[in-house]
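The values are calculated or read from the model by the stated rules, or taken from the named source; none is laboratory data. The structure presented is a predicted model; accordingly, all values stated were derived computationally and were not measured. Cβ placement follows ideal geometry from the backbone for every residue including glycine, while neighbour counts extend to all protein chains displayed.
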Amino acid sequence: ESPPPNHFIRQIVLDDRTAGKHGGRVATRFPPEPNGYLHIGHAKSICLNFGLAREFGGACNLRFDDTNPVKEDVEYVQAIQDDVRWLGFSWDELRHASDYFEVFYRCAEKLIRNGKAFVCDLSAEQVREYRGTLTEPGRDSPYRTRSVEENLDLFRRMRAGEFPDGARTLRARIDMRSGNINLRDPALYRIRKVTHQNTGDAWPIYPMYDYAHCISDAVEGITHSLCTLEFEDHRPLYDWCLDQLDLPGDRDLTEPLRAVGIRCEPSRPQQIEFSRGNLDYTVMSKRKLMALVQDRLVDGWDDPRMPTLAGARRRGFPAAAIRAFWERVGISKQNSVIDVGVLEGCVREALDTQAPRRLAVLDPVRLAITNLADDHVETLSFPNHPKNEAAGNRDVPFSNTVWIEREDFMETPSKGFHRLVPGGEVRLRGVGIVRCEEVVKQDDGTVVELRCTLDADTRPGRPGADRKVKGTIHWVSARHALAAEVRLYDRLFDAPAPDDDSGGKTYRDHLNPASKRVVRGWLEPSLARVTNESTYQFERLGYFVADRHDHGAATPVFNRVVTLRDTWAR
Ligand code: ATP
Ligand code: MG
Ligand code: MG
């Protein structure tokens, strides 16, 4: 892969290194919440964070942001690790925000002792009332003036589990009149008596995202904390927390980690925002993807139509194509929706160079060569890749009866149709020129067989081999063909902005009914011996992958990755 293009975040990193900031170190993290599978949008952040660390000899952690136990599940924890590895990255350390619960707690007590946080008894609804609006300042909570002693006592009792869910919160004491609503005494902790996948029932209180995130970054020695634009307004709170806490200068705060052998050299990280990656014809909110799975509108999180990384993998998208795609899109603060055709283009580009060519017929009609003997069988040699001699050749059996694609024959040809017609000629790829002498039909008019003669003089190596005919079609020897289930996938949604519900429709109304079609195809027999997840170009048809789960020598199953050209009608 070529050297990475520059962008504003990379430039910040370069400048920081030049200035010797963070001792010239670069440390990033990718912090998913384990409440669903990763999608193509997440890959933008993964490529950015792991890519910068790799380029600058730094470290990138995978951190599960598991501070909201109700929505989280170990299935996702495993899937996220698999997907990051599949994308081609490995983390320096695997961490969980829940590893730091003790640190978050110590930090909270420090804020309380310094008069920077208080226990508030307002209900959620009252908190909303007091918060004010964009145009109206908020009002101070009546509990804001509690003494440090009372706050410490109440917070310790919150931690001990003395109060019911929602009874109290710990809030930062910042400024209820701030123009930035995030600074209006935001909640830092809430009471939630739920079991956590990592810490069990040890904690009846859980930290809020903004509070936990900045501390986690500092604890891990992160230098550049990269996040999406919607956190821009949260940056002042990120900075406020870290400035109040001074984790690098107060090692007591992180002592609980070192005590259990967790490496910890706190930093003062800098938050930098970039725009989310969005694709048209796609939804990428985990909530909506979850609904598609739960309501069985797709066949699971890794359905090849899903924009999840597991789905892309099963669809046969090379990981390198997804990396190349986000590199092409670039990093900026400009929000935009990218044409999914660009992603498909990257997939075609990657597969064109790497996918061996094979012959397959997906909608067969029989073509009998009447001037070859009934038991005529020969072995032809085909190049595996037209642009790469090193890929070698393979044997393809040929006989007097082959399958061709039904659409490669027209009884009454439309204008510009250059393939087989009654009395006309076409080249059978790698074989020679055949002429259609007779069309055999069923009573209902369906064509069942095309009886042809092969011009022996046009076979490879013969003097007439270069004789020109307009069309060349592919074929598979009928007696050697391998029957396979072939799944033809197309876009899951038929609207460019399925998320846009302004017209009274929702993304569910935009599901493309033709997004999955299953056919029985006939494949050249070499495809019986391929490994799961290997990709091929079926000549003239598209790129196909041996299904990760369902393909086997006895039950071949191939998924269409993409067609050869962008055929989506807009
Ligand atoms: P969702 O809104 O789908 O729940 P999320 O942002 O809440 O997504 P997280 O698990 O918190 O999901 O995301 C992990 C990281 O991936 C975050 O740092 C987030 O900013 C980043 N990320 C998520 N979606 C995108 C996207 N579309 N483009 C770039 N980065 C993204
Ligand atoms: Mg989320
Ligand atoms: Mg999030």
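Quick look at the values:
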item	result
Selection from region 378-403 of residues that are more than 17 Å from A355 (Cβ to Cβ) and in contact (Cβ under 8 Å) with a residue 24 or more places away in the chain	L380, D395, P397, F398, S399, N400, T401, V402, W403
Residue in region 75-84 that is in a loop (DSSP other than H, G, I, E, B) and not polar (S, T, N, Q) present	no
Of all residues making up region 293-310, the number that are touching a residue at least 24 places away in the same chain (Cβ under 8 Å) and either within 15 Å of ligand 1 (Cβ to nearest atom) or within 20 Å of N49 (Cα to Cα) (or both)	6
Residue list for region 275-307, filter: of a type in the set (D, E, K, R), more than 16 Å from ligand 3 (Cβ to nearest atom) and on the phi < 0 side of the Ramachandran plot	D280, D295, D299, D302, D303, R305
Residue within region 329-343 that is more than 16 Å from ligand 2 (Cβ to nearest atom), without any contact (Cβ under 8 Å) to a residue 40 or more places away in the chain and either surrounded by fewer than 20 Cβ atoms within 10 Å (Cβ to Cβ) or among the hydrophobic types (A, V, I, L, M, F, W, C) (or both) present	yes
Total residues in region 224-278, condition assigned to a loop (DSSP other than H, G, I, E, B) and within 13 Å of ligand 1 (Cβ to nearest atom)	2
Odd one out for A108, checked against (1) crowded, with 17+ Cβ neighbours inside 10 Å; (2) over 43 Å from the mean Cα position of the chain (by Cα)	(2)
Flag if R25 is without any contact (Cβ under 8 Å) to a residue 40 or more places away in the chain and more than 10 Å from ligand 1 (Cβ to nearest atom)	no
Hey, R192 in the same structural domain as H22 (by TED's automatic domain parsing) and touching a strand residue (DSSP E or B) at 6+ places or on another chain (Cβ under 7 Å) or not	yes
Any hit, region 100-123, residues being out of contact with any Lys or Arg (no Cβ under 7 Å at 6 or more places or on another chain), more than 30 Å from Y143 (Cα to Cα), more than 9 Å from ligand 1 (Cβ to nearest atom) and at pLDDT 95 or above	no
Leading residue by the ranking (surrounded by the most Cβ atoms within 10 Å (Cβ to Cβ)) among those in region 444-481 that are within 27 Å of F544 (Cα to Cα) and in contact with an Asp or Glu (Cβ under 7 Å, 6 or more places away or on another chain)	V476
Output for region 472-489, where each listed residue is touching a strand residue (DSSP E or B) at 6+ places or on another chain (Cβ under 6 Å) and assigned to a loop (DSSP other than H, G, I, E, B)	W475, A478, R479, H480, A481
Residues satisfying the stated conditions in region 272-285, i.e. surrounded by 20 or more Cβ atoms within 10 Å (Cβ to Cβ) and within 16 Å of ligand 2 (Cβ to nearest atom)	G277, V283
Index of the failed condition, V469 passing every other in (1) over 22 Å from P413 (Cα atoms); (2) not in a strand (DSSP E or B)	(1)
When residues of region 15-68 are limited to those that are outside any strand (DSSP E or B) and either under 18 Å from Y100 (Cα atoms) or assigned by TED's automatic domain parsing to the domain that holds G311 (or both), the one nearest to ligand 3 (Cβ to nearest atom)	E33
Conditions (1) of a type in the set (A, V, I, L, M); (2) in contact with a Leu (Cβ under 6 Å, 6 or more places away or on another chain); (3) in contact (Cβ under 8 Å) with a residue 60 or more places away in the chain: number failed by V557	(2)
Selection status of A43, buried (at least 20 other Cβ atoms within 10 Å of the Cβ), within 15 Å of ligand 1 (Cβ to nearest atom), under 30 Å from N151 (Cβ atoms) and among the small types (G, A, S)	no
Test result for D73, surrounded by fewer than 20 Cβ atoms within 10 Å (Cβ to Cβ), within 15 Å of the chain's Cα centre (by Cα) and within 30 Å of E102 (Cα to Cα)	no
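Residue-wise test of (1) modelled with pLDDT of 95 or more; (2) in contact with a helix residue (DSSP H, G or I) (Cβ under 8 Å, 6 or more places away or on another chain); (3) over 18 Å from I331 (Cα atoms); (4) within 16 Å of ligand 2 (Cβ to nearest atom).
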| residue | (1), (2), (3), (4) |
| --- | --- |
| S2 | no, no, no, no |
| F8 | yes, no, no, no |
| P34 | no, yes, yes, yes |
| N49 | yes, no, no, no |
| A53 | yes, no, no, no |
| I80 | yes, no, yes, yes |
| D92 | yes, yes, yes, no |
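Residue by residue, here is whether (1) part of a loop (DSSP other than H, G, I, E, B); (2) more than 21 Å from the chain's Cα centre (by Cα) holds:
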{"position": "G503", "(1), (2)": "yes, yes"}
{"position": "R508", "(1), (2)": "no, no"}
{"position": "A514", "(1), (2)": "yes, yes"}
{"position": "G521", "(1), (2)": "no, yes"}
{"position": "L527", "(1), (2)": "no, yes"}
{"position": "E533", "(1), (2)": "yes, no"}
{"position": "Q537", "(1), (2)": "no, yes"}
{"position": "F544", "(1), (2)": "no, no"}
{"position": "R548", "(1), (2)": "yes, no"}
